[in-house]
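The values are calculated or read from the model by the stated rules, or taken from the named source; none is laboratory data. Worth saying up front: this structure is predicted, and the values here are computed from it rather than measured. Here the Cβ positions follow ideal geometry from the backbone for every residue, glycine too, while neighbour counts run over all protein chains shown.
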Amino acid sequence: MRNKAITDTVDDDRLEAAIAALGESIARWTEPGEQFTTAVPGLALFQRTEPSEPVTGMYEPSLCLVTQGAKRVQLGDDTFVYDAHHYLITSVHLPTVVQVTEASREKPYLGLRLKFDLREVSQLMADSNLPSPRTQQSSRGMATSEVTLPLVTAVQRLVDLLDEEQDIPILAPIIQREIIYRLLVGDQGARLRQIAAAGSQSQQIARAIEWLKGNFTQPLRIDDLAAQARMSSSTFHHHFRSMTALSPLQYQKQLRLQEARRLMLAERLDAATAAFQVGYESPSQFSREYGRLFGAPPLRDISKLRQMAVAE
């Protein structure tokens, strides 16, 4: 028992040292308040010196790690918090509300996001004799789990490639494949395997989500979408909500409102034009639903966002 306790202490110390080293690497490549999109495909680094306001956004299939500070993600009625000892994994595109909850000048929030392609997950599953996944209860397309030393060290090697950019085209895919492997054999591996497995219900829902992302301005017909997924409408609705914490209609609504917000902010469209462009027929309905999601009507919300951008 004493030897095991010593081993556990050594392993914990090694993990803490690895997390700290990864944090130093992120801090070296970032400035406060900035997102650094790196030369490694899919890899972005973040640093913040103060907590953020809740903001809406789309989480793509990805791994998110934090080495210092913490972030909270709201998905429907579910809340996910991740920090230096917990990573966040997302297996499908999900509309969320996100907030950095722990950050200061003395201890800035330091984190990274690594997007991955589910086709690469499927290929690794086909090419490898993977160990059986650990048990998993939830069917959500988002989850948190404890970080492990092999995962952190693999991510460190990926970040280290930023010092040797000529090596990125050859070595980055190899390291990313290892990271995907670590996820597949970890606590959330079953979730990834279900979505990447051809013909599974989870993969069919993932395909329906992809269709919604590309066609959210069109009228939503649940029966047609369910038929594409080869399910009854009730079964499709149940599995869709289990994965996304939202109904298909709620999912479409959030996509529309987020795009309308982007159009007003980036392209300076007025609220009515943005509403019609994303598929709304009633500007008053758009304004009501916009206010419920973002906490203020369109004009006031966009003015606040522009003031914040100027201040930053």
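Numbers at a glance
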| read-out | value |
| --- | --- |
| Qualifying positions in the range 195-225 - assigned to a helix (DSSP H, G or I) and free of Cβ contacts under 8 Å to residues at least 12 places away in the same chain | 203, 214, 215, 223, 224 |
| One residue from 206, 190, 172 being closer than 27 Å to residue 86 by Cβ, among the aliphatic types (A, V, I, L, M), surrounded by 15 or more Cβ atoms within 10 Å (Cβ to Cβ) and out of contact with any helix residue (DSSP H, G or I) (no Cβ under 7 Å at 6 or more places or on another chain) | 190 |
| Matching entry among 264, 308 (being over 20 Å from residue 94 (Cβ atoms), free of Cβ contacts under 8 Å to residues at least 40 places away in the same chain and part of a helix (DSSP H, G or I)) | 264 |
| Every residue from the range 209-227 that is buried (at least 18 other Cβ atoms within 10 Å of the Cβ) and more than 18 Å from residue 94 (Cα to Cα) | 226 |
| Some residue of the range 266-280 being under 23 Å from residue 74 (Cβ atoms) and surrounded by fewer than 14 Cβ atoms within 10 Å (Cβ to Cβ) | no |
| Qualifying position, being in contact with a helix residue (DSSP H, G or I) (Cβ under 6 Å, 6 or more places away or on another chain), at pLDDT 90 or above and over 26 Å from residue 79 (Cα atoms), among 263, 299, 257 | 263 |
